[in-house]
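Scroll down for the structure; my scribbles are underneath it.
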Amino acid sequence: MRDRYQIEESASIFSFKPFHPYRSKLKWYGLAIVIFGILSVFYYASMSKLSLIISATLFVMTVWFFLKEILLYIPLRYMFDRSANEVYQSSLFLSKRKIMNLDEVVIYQSSEMGSWQYRIGKKRMQFVKSYAISEYFSIKKDNEKIVAYRSEILTKIEQMVTKSAVTIPSNSGGSSFNH
């Protein structure tokens, strides 16, 4: 589990990469890119115009999703720093930027098209601006990936937020969790 999400933790810092498991999908994207590329290039002359357009469109879409996964999702890291009372986000293109105070964190579930994920947002504004902190899970609640995620990551985040709310004074009154 620690390798799956690239978890790093110390006494006051907990960080992880929520989309690191997506690396396993990259080989399928690569295979699809090769197949659609071969269909588009080698059979250019013998394909009908419609088949060529469909193959080229699938090629471009697959390349787009591949690049999105490898450049945006997989390198994304969240760091919860109890000593600074801040939550940071870093990626391939942005080093470390503060996204909210630790005592403002609200964790909730967001569902979409038959799957769901955990998200964090600022108290009272979590539906305006939020950040995905887990990969998408299937609807089944007893999934072993969900149980492992809750025990290894979600519990640690909740502990960081709870300890932050106790040790750092705030006007917001701590954290709330809706899951």
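The values are calculated or read from the model by the stated rules, or taken from the named source; none is laboratory data. This structure is a prediction, so every number in the text was calculated from the model and none was measured. Here Cβ is always computed from backbone atoms with ideal geometry, including for glycine, and neighbour counts include all displayed protein chains.
Observations, loosely collected:
Per-residue answers, yes or no, for (1) aromatic (Phe, Trp, Tyr); (2) buried (at least 16 other Cβ atoms within 10 Å of the Cβ); (3) in contact with a helix residue (DSSP H, G or I) (Cβ under 8 Å, 6 or more places away or on another chain):
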{"residue": "Tyr44", "(1), (2), (3)": "yes, no, yes"}
{"residue": "Leu52", "(1), (2), (3)": "no, yes, yes"}
{"residue": "Phe59", "(1), (2), (3)": "yes, yes, yes"}
{"residue": "Ile74", "(1), (2), (3)": "no, yes, yes"}
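- Checked against (1) assigned to a helix (DSSP H, G or I); (2) in contact with a Phe, Trp or Tyr (Cβ under 7 Å, 6 or more places away or on another chain); (3) within 30 Å of Ser151 (Cα to Cα), Tyr78 passes all but a single condition, namely (1).
- Which listed residue, of Phe93, Phe36, Phe59, Phe42, is aromatic (Phe, Trp, Tyr), assigned by TED's automatic domain parsing to the domain that holds Ile157 and modelled with pLDDT under 90: Phe93
- Cβ-Cβ distances below 6 Å connect the following pairs, each with a first residue in the stretch 80-93 that is at positive phi, a second residue that is assigned to a loop (DSSP other than H, G, I, E, B) and surrounded by fewer than 19 Cβ atoms within 10 Å (Cβ to Cβ), and a separation of six or more residues or different chains: Asn85/Ile168.
- Of all residues in the stretch 99-119, those being in a strand (DSSP E or B) and charged (D, E, K, R) number 2.
- Residue ID - farthest from Arg4 (Cα to Cα), chosen from residues in the stretch 107-131 that are touching a helix residue (DSSP H, G or I) at 6+ places or on another chain (Cβ under 9 Å) and of a type in the set (A, V, I, L, M, F, W, C): Met125
- Among the candidates Leu72, Leu52, Leu58, residue that is assigned to a helix (DSSP H, G or I) and within 30 Å of Val161 (Cβ to Cβ): Leu72
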